[in-house]
Amino acid sequence: MKKYLAPLFFVAIMIASTQKNFAQNTQRPDKLYTMSGIGFAFPVGETADYLKPKFSTSLGLNLGLGNSGLFLYPKVSLHAFSMNELAPDNGYNYALQKSRATTYLLNVALGYRKISGKFAFYGFAGGGGGMVLTPRITVNNGTQIAELDNKSIGMGMIEAGAGTEYNIGGANLFIEAGYMHGFTKIQNRSFATVPISVGIKPNLSKLFYKK
């Protein structure tokens, strides 16, 4: 029985320490935000040769870490683009024009927020990845039937950005710009975009306050 006392005592100390630290952090005014935004992702560099912006949406969380301005920023992004293939992919005879490509990306970043009155300024950097769906077309010249399908391309990437917030009470209005660089080529060219979004961040920090 005694051999179990030391581990149990250690676990009890860790739980008590965690609860103490949690209680110390509960009064942070920006402990937790949810985030939803809309905007555009602008292709840059070689990416602008085959993609054009259509629209973007994003959903995420800002979870405060400790008592300073650090926060964890997981975010899901959907970027839609107009796509013009430069050349047919392997196994295809035709390049498709005026089509649509879509990204489904999950990035996790570490950020820092500075609050000044009703305004706040923040920056972040991190990475993640997901899928890019790009269209392909197969044409049967004998039957004169064209078949459209999507090709899923796995994409790892890094992202960095900055934003500004304005407090309106229980939520913040924000505008955010970033830079995404992918590690997989599309159409033998790099993938890089500058997403710009505006939206709202409801403040759920009171859920952490001590009763």
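The values are calculated or read from the model by the stated rules, or taken from the named source; none is laboratory data. Everything numeric in this text was worked out from a predicted model, so none of it was measured. All Cβ positions, glycine included, derive from the backbone under ideal geometry; neighbour counts span all protein chains shown.
Below, the figures for the structure above:
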| quantity | calculated |
| --- | --- |
| Only one of VAL108, VAL194 that is farther than 16 Å from PHE42 by Cβ and within 14 Å of the chain's Cα centre (by Cα) | VAL108 |
| Residues satisfying the stated conditions in region 130-166, i.e. under 24 Å from GLY182 (Cβ atoms) and among the aliphatic types (A, V, I, L, M) | MET131, VAL132, LEU133, ILE137, LEU148, ILE153, MET155, MET157, ILE158, ALA160, ALA162 |
| Residue ID - nearest to VAL198 (Cα to Cα), chosen from residues in region 39-56 that are of a type in the set (A, V, I, L, M) and either touching a residue at least 24 places away in the same chain (Cβ under 8 Å) or in a strand (DSSP E or B) (or both) | ALA41 |
| Hits in region 64-75 - residues which are modelled with pLDDT of 95 or more and surrounded by 15 or more Cβ atoms within 10 Å (Cβ to Cβ) | PHE71, LEU72, TYR73, PRO74, LYS75 |
| LYS206 being at pLDDT below 90, within 20 Å of PRO43 (Cα to Cα) and surrounded by fewer than 17 Cβ atoms within 10 Å (Cβ to Cβ) | no |
| Leading residue by the ranking (modelled with the lowest pLDDT) among those in region 119-170 that are closer than 18 Å to ILE186 by Cβ and β-branched (Val, Ile, Thr) | ILE137 |
| Hey, LEU59 surrounded by fewer than 15 Cβ atoms within 10 Å (Cβ to Cβ) and either under 14 Å from the mean Cα position of the chain (by Cα) or assigned to a strand (DSSP E or B) (or both) or not | yes |
| Scan of region 79-90 for residues that are among the aliphatic types (A, V, I, L, M) and either free of Cβ contacts under 8 Å to residues at least 24 places away in the same chain or surrounded by 16 or more Cβ atoms within 10 Å (Cβ to Cβ) (or both), ordered by number | ALA80, MET83 |
| Residues of region 80-91 satisfying the condition of being assigned to a loop (DSSP other than H, G, I, E, B) and either in contact with a Leu (Cβ under 7 Å, 6 or more places away or on another chain) or hydroxyl-bearing (Ser, Thr, Tyr) (or both) | GLU85 |
| Output for region 181-211, where each listed residue is in contact (Cβ under 8 Å) with a residue 12 or more places away in the chain, assigned to a loop (DSSP other than H, G, I, E, B) and basic (Lys, Arg) | LYS210 |
